[in-house]
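Engineer: The structure follows.
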Amino acid sequence: QQNSKKCTVIGGSGFLGQHMVESLLEKGYAVNVFDVRKGFENDKVHFFLGDLCNKQELLPALQGVGVVFHCASPAPSSHDKELFYRVNYVGTKTVIQACKEAGVQKLVLTSSASVIFEGKDIKNGTEDIPYAKNPIDYYTETKILQEKEVLSSNNPDVNFLTVAIRPHGIFGPRDPQLVPILVQTARAGKMKFMIGDGRNLVDFTYVDNVVHGHILAAENLQKNSPICGKAYHITNDEPIPFWTFLSRILISLNYEAPKYRIPYWVAYYLACLVSLIVLLLRPIRTIKPTFTPMRVALAGTYHYYSCEQAKRDMGYRPIVSLDEAVERTVQSYPKLHKIK
Ligand SMILES: NC(=O)C1=CN([C@@H]2O[C@H](COP(=O)(O)OP(=O)(O)OC[C@H]3O[C@@H](n4cnc5c(N)ncnc54)[C@H](OP(=O)(O)O)[C@@H]3O)[C@@H](O)[C@H]2O)C=CC1
Ligand SMILES: CC(C)CCC[C@@H](C)[C@H]1CC[C@H]2C3=C(CC[C@]12C)[C@@]1(C)CCC(=O)C[C@@H]1CC3
């Protein structure tokens, strides 16, 4: 097998990573997975257990490989700043170094569209918008550092090509975040309020479209290609009001959609107050609030992104529509349906 059809998925046990692996296998790739945990059983996959911050653990997983997909990260909801810095920034530098030592030609990073989001409206944002000076959280701050490292390491002269994919609001079967958090909030009776006027458009991107964008990027990553060293938004290209999307998921799972409205700034300052109380209580009790300033910003502002550059440079088109994606997602969570 040519090494352009041999790849390693770092973070392949995670939500996006597992979908990447399934799609790559279907397309005839030989797939290695490198992750801190073994997330699934599949005889067709060569699994390597390890921490990406450790080059010696990483190197065996990269031997003879042409493409590396790096989609590992600590969960965005973690409060461990040191972990974000170590894994997303320092660890990514280790990944780059290990790829070069192992002779890997292509590195595709999963970044995030949030690298340009500061909690203020973004409408049809393009990749030309500068990185956020005030990112919404520390996770995003380290995603910016990570993306900069990967893009600046692109070097056709030494046959090392890089590209970053910036998805937004990934959802689909086995997502541990969006639908489970939504249902948990609804079950706790806390899904009563809509933040803002309910008109703010947002991108939610079906996981198969995100995977498609990554594989197209890898296959288009050739010397002299315009995509080398660049970042691309990958979305469903169907922005939808945030609360319409959430309500569709909730209603399909037999939960009530939020009925009341709370002004954006009231919600934001309330969430800041909750965060302060959580911080003060931390020495006595650890509380993980649902209502955080970051989530309020995501729920109450416009943030949708143009994927025209991915269409132009790599022929990207979403392969699953939003309607179909919601249907597939809801069907995939039988245990989360409310029994009427
Ligand atoms: N989900 C979303 O809406 C969005 C996600 N992204 C990005 O997409 C990527 C994938 O996200 P998602 O699939 O949701 O995340 P997951 O948490 O589901 O998957 C990440 C995987 O990486 C593993 N991992 C974490 N740290 C290390 C490490 N040091 N060494 C090796 N493996 C490690 C995780 O293990 P463990 O679970 O044990 O930590 C997990 O298996 C991330 O880079 C994220 O930033 C971007 C935009 C939106
Ligand atoms: C309780 C409600 C007010 C909100 C519930 C839904 C949220 C859990 C999700 C809505 C938008 C999502 C999102 C992310 C995580 C889950 C949501 C906040 C990310 C922060 C994941 C990591 C990223 O890179 C950016 C994402 C933006 C959208």
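Engineer: With springs only between Cα atoms under 10 Å apart, run a GNM on the chain and tell me which of PRO289, PRO180, PRO167 wobbles the most.
Structural biologist: PRO289
Engineer: Quick one: plug the Kirkwood hydrodynamic radius of the chain (C-alpha pairs) into Stokes-Einstein at 37 °C, 0.692 mPa s, and report D in µm²/s.
Structural biologist: Values: Rh = 20.7 Å.
Once the numbers are plugged in, D ends up at 159 µm²/s.
Engineer: Under the rule of at least 5 residues apart or a separate chain, name every residue whose amide H is placed under 5 Å from the amide H of HIS233.
Structural biologist: For HIS233, whose amide H was placed from the backbone, the distant partners under 5 Å are ARG166, ALA310.
Engineer: Output the relative contact order of the chain, whole-number percent, from Cα pairs under 8 angstrom with separation of 6+ residues.
Structural biologist: Relative contact order for the chain comes out at 17 percent.
Engineer: Take ILE181, ILE165, ILE215 and order them by how many other Cβ atoms sit within 10 Å, fewest up front.
Structural biologist: ILE181, ILE215, ILE165
Engineer: Hey, what do the phi angles of the range 41-54 turn into as Karplus ³J(HN,Hα) couplings, whole Hz, using 6.51/-1.76/1.60 and θ = phi - 60°, x for Gly and Pro?
Structural biologist: Working through the residues one at a time gives 10, 7, 4, 7, 9, 8, 9, 10, 8, x, 9, 5, 6, 10 Hz.
Engineer: Cα-Cα over 25 Å: which of LYS81/LYS120; LYS81/LYS192; LYS81/LYS338? Walk me through the numbers on the way to the answer.
Structural biologist: On the way: LYS81/LYS120 23 Å; LYS81/LYS192 32 Å; LYS81/LYS338 36 Å.
Going by Cα-Cα distance, LYS81/LYS192; LYS81/LYS338 fall outside the 25 Å limit.
Engineer: Which of the trypsin sites (Lys or Arg not before Pro) across the range 31-100 are loop residues per DSSP, with 13 or fewer other Cβ within 10 Å?
Structural biologist: ARG37, LYS38, LYS44
Engineer: Continuing with this model, one more query. Quick one: dipole size for the range 1-136, taken about the Cα centre, charges +1 on Lys/Arg Cβ and -1 on Asp/Glu Cβ, in debye to the nearest 20.
Structural biologist: Its charge dipole is roughly 260 debye.
Engineer: Counting only helical runs of four or more DSSP H residues, what would the 222 nm mean residue ellipticity of the chain come to if each run contributes -39,500 (n - 2.57) and the total is spread over all its residues?
Structural biologist: So the calculated ellipticity at 222 nm is -11500 deg cm²/dmol.
Engineer: For the chain, set up a Gaussian network in which alpha carbons nearer than 10 Å are linked by springs, and say which option among GLY229, GLY196, GLY28 fluctuates the most.
Structural biologist: Among GLY229, GLY196, GLY28, the largest mean-square fluctuation in the Gaussian network model of the chain belongs to GLY28.
Engineer: Can you spot the aspartates and glutamates whose alpha carbon is less than 12 Å from LYS93's alpha carbon? Ignore those fewer than 8 places along the same chain.
Structural biologist: Hits, sequence-local ones excluded: GLU147, GLU149.
Engineer: Using unit Cβ charges (K, R positive; D, E negative) and no other charged atoms, how large, in debye to the nearest 20, is the dipole of the chain about its Cα centre?
Structural biologist: Computed about the Cα centre, the dipole is about 840 debye.
Engineer: Tell me, what is the Rg over Rh of the range 204-340, with Rh the Kirkwood radius over Cα pairs? Kindly include the intermediate steps, with their values, before the conclusion.
Structural biologist: Working: Rg = 19.4 Å, Rh = 18.1 Å.
Over the Cα atoms of the range 204-340, Rg/Rh equals 1.07.
Engineer: May I pose another question? Test of understanding: in a Gaussian network model of the chain with alpha carbons linked when under 10 Å, which of LEU280, LEU201, LEU59 would top the mean-square fluctuation ranking?
Structural biologist: Most flexible of the set in this elastic network: LEU280.
Engineer: While we're looking at this one, here's another question. Using +1 at the Cβ of each Lys and Arg and -1 at the Cβ of each Asp and Glu in the chain, identify which of TYR138, HIS337, VAL210 lies farthest towards the dipole's positive end.
Structural biologist: HIS337
Engineer: Test of the criteria: in the range 271-322, which trypsin sites (Lys or Arg not before Pro) are in a DSSP loop and have at most 11 other Cβ atoms within 10 angstrom of their Cβ?
Structural biologist: Here the sparse-neighbourhood loop sites are ARG285.
Engineer: Let me ask something additional. Straight-line reach from LYS259: which aspartates and glutamates have Cα under 19 Å away, leaving out those fewer than 8 places along the same chain?
Structural biologist: Filter leaves ASP197.
Engineer: Additional query: Give the aspartates and glutamates reachable from LYS340 as a straight Cα distance under 16 Å; neighbours fewer than 8 places away on the same chain don't count.
Structural biologist: Cross-link targets: GLU256.
FYI, it's all coordinate maths here, none of it is from the lab. This one's a predicted model, so the numbers in the text were calculated from it and none came from an experiment. So basically every Cβ, Gly included, is an ideal-geometry build from the backbone, and we count neighbours across all protein chains shown.
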